[in-house]
Amino acid sequence: MSIAFMKQFKVGIDSYSLKPLNLSPFELLDWVMINDSDGVQYSEIPLAPNQLRDKYFLKELSQYAAENKLYLEWGGGEHIPLDTDTGRPKDIVSINRQAAEQANLLGVSTIRSCSGGLMRWKKDSIPTETLLEQTAKSLRSQKQMLRDFNVILAIEIHFEFTTFELLKLFEMCEAKPGEYLGICLDTMNLLTMLEEPLAATRRILPWVVTTHIKDGAILLTEKGFISFPTEVGKGVVNFLNIFEELSTLKRPIHLSIEDHGGDFLIPIFDPVFLSRFPDLSVHELCSLLKLSVKTRELINRKEMAILERERWPEFCEKRVKKDIAYIKSLVQKNILN
């Protein structure tokens, strides 16, 4: 099937991919220039608190990126106002205000938000409905602040909420796409949340403002599914159709590659665990099973393998270079002329 993207994409990296290299923000920009990439999403910012409050430093970083025609995307945001381990209240308003101030100084219109944690994997986890209610209450109170700084809080597709639940959250927040809340689309984390990546992208599409372009796979075992990242182009994520969808959005969307090692057990044979995914349909589960068959075939042909997280430092630079080359080639071949 021939697919044409309606617009060109800039292809960059997420800073987490190269974390083992311990590069400064300026060194990261140099790295992407050397490796024919277009920008950086600083999802984790390797700076001391005094640097993050240094307006001169932030403006200099912005100017350096602009001079070299590189895009910048910023992180540091959070959306769950609770400590997900203890359930105690957490002041995310001040955290998000600081991130919004920094983004505003940088001339960046989004801040990536990740409150992190495999909540529903834990037996004593906070119920998802409680997390949604508390998150909505906090985010509603931050609406004007985020609008004042002209930034959108881009909630990463992580392990807190499915796309179904995120749509419910936006409804609870009385938000509209492009207003003050959005999505950082992580294409592989969707698998871990028992969502077929293309179907999930289509569900959440109007809300996507940033991306984590990450390939991966899902494998059925006697303990349940195992999901894991792969080198981009080696996994089962349908990037062609996902990019086709993203290319229809009016706002600029950058393809920020995130890659790392590790794997995640998804214990779907545990009835209690599975009950925590009430929106999972038979149709989507069957789609995941098909992807699992494909994963097993690729593993048997030795075209794919799980890379242990602790081994990532050995492979990160070489693999991210391959990731960039693959995505840039895919984009160039499919631009609508």
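Distance from the C-alpha centroid of segment 189-217 to that of segment 239-270: 4 Å, rounded to the whole angstrom. In this label model, Asn150 and Glu133 are separated by 3.8 nm, measuring between points 7 Å along each Cα→Cβ vector.
Here segment 105-186 is treated with +1 on each Lys and Arg Cβ and -1 on each Asp and Glu Cβ, and its dipole about the Cα centre works out to around 100 debye.
In a fully extended conformation the segment linking Glu67 and Val293 would gain 76.6 nm over its present Cα-Cα distance, using 0.36 nm per residue. The stretch between Lys321 and Asp30, if pulled fully straight at 0.36 nm per residue, gains 103.4 nm over its current Cα-Cα span.
Identify, among Cys173, Asn150, Ile111, the residue whose Cα sits farthest towards the positive end of the charge dipole of segment 82-199, taking +1 on the Cβ of Lys and Arg and -1 on the Cβ of Asp and Glu, with the dipole about the Cα centre. Of the options given, the answer is Asn150. Counting neighbouring Cβ atoms within 10 Å and putting the fewest first, the residues Asp38, Asp91 line up as Asp91, Asp38. Label reach from Asp54 (point 7 Å along Cα→C-beta): in segment 100-118, no amide nitrogen lies under 11 Å. Sorted fewest first by neighbouring Cβ atoms within 10 angstrom, Lys250, Lys137 come out as Lys250, Lys137.
When Rg is the radius of gyration of the Cα atoms in segment 11-333 and Rh is its Kirkwood radius, what does Rg/Rh come to?
Values: Rg = 19.0 Å, Rh = 20.1 Å.
Answer for segment 11-333: 0.95.
With 0.36 nm allotted per residue and the present C-alpha distance subtracted, the Asn238-Asp91 stretch has 49.1 nm of extension available. Distance cut-off 26 Å, Cα to Cα: go down the list Lys19/Lys55; Lys7/Lys322; Lys7/Lys137; Lys69/Lys234; Lys55/Lys318 and report the pairs above it. The answer is Lys7/Lys137; Lys69/Lys234; Lys55/Lys318. Neighbour counts of C-beta atoms inside 10 Å place Glu245, Glu73, Glu174 in the sequence Glu174, Glu245, Glu73, starting with the fewest. Within a straight-line Cα-Cα reach of under 12 Å, Lys290 can be paired with the following aspartates and glutamates, leaving aside sequence neighbours fewer than 8 residues apart in one chain: Glu196. Note on the chain: dipole from Cβ charges, positive end direction compared against Pro252, Asn334, Cys316; the farthest Cα belongs to Asn334.
For the options Leu274, Leu205, Leu72, a Gaussian network treatment of the chain with springs between C-alpha atoms closer than 10 Å singles out Leu274 as fluctuating the most.
Charges at C-beta only: +1 for Lys and Arg, -1 for Asp and Glu. How large is the resulting dipole of the chain about its Cα centre, in Debye rounded to 20?
Values: 41 positive and 46 negative charges, 102 e Å.
In debye, rounded to 20, the chain gives about 480.
Counting only Cβ charges, +1 for Lys and Arg and -1 for Asp and Glu, the dipole size of segment 134-288 around its Cα centre is about 560 debye.
Centre-to-centre, using Cα atoms only, segment 29-81 and segment 125-173 are separated by 24 Å. Per-residue Karplus couplings for segment 158-175, computed as 6.51 cos²θ - 1.76 cosθ + 1.60 with θ equal to phi - 60°, are listed in order as 10, 10, 8, 9, 7, 5, 4, 6, 5, 4, 5, 4, 5, 5, 5, 8, 6, 9 Hz, Gly and Pro entered as x. Working note: Karplus 6.51/-1.76/1.60 with θ = phi - 60° gives segment 114-119 the couplings 9, 9, x, x, 8, 4 Hz, where Gly and Pro are set to x.
None of the figures in this text is laboratory data; all of them are computed from the coordinates on show. Nothing here was measured: the structure is a model prediction, and the numbers come from that model. Virtual Cβ from ideal backbone geometry, glycine too; neighbours counted across all protein chains shown.
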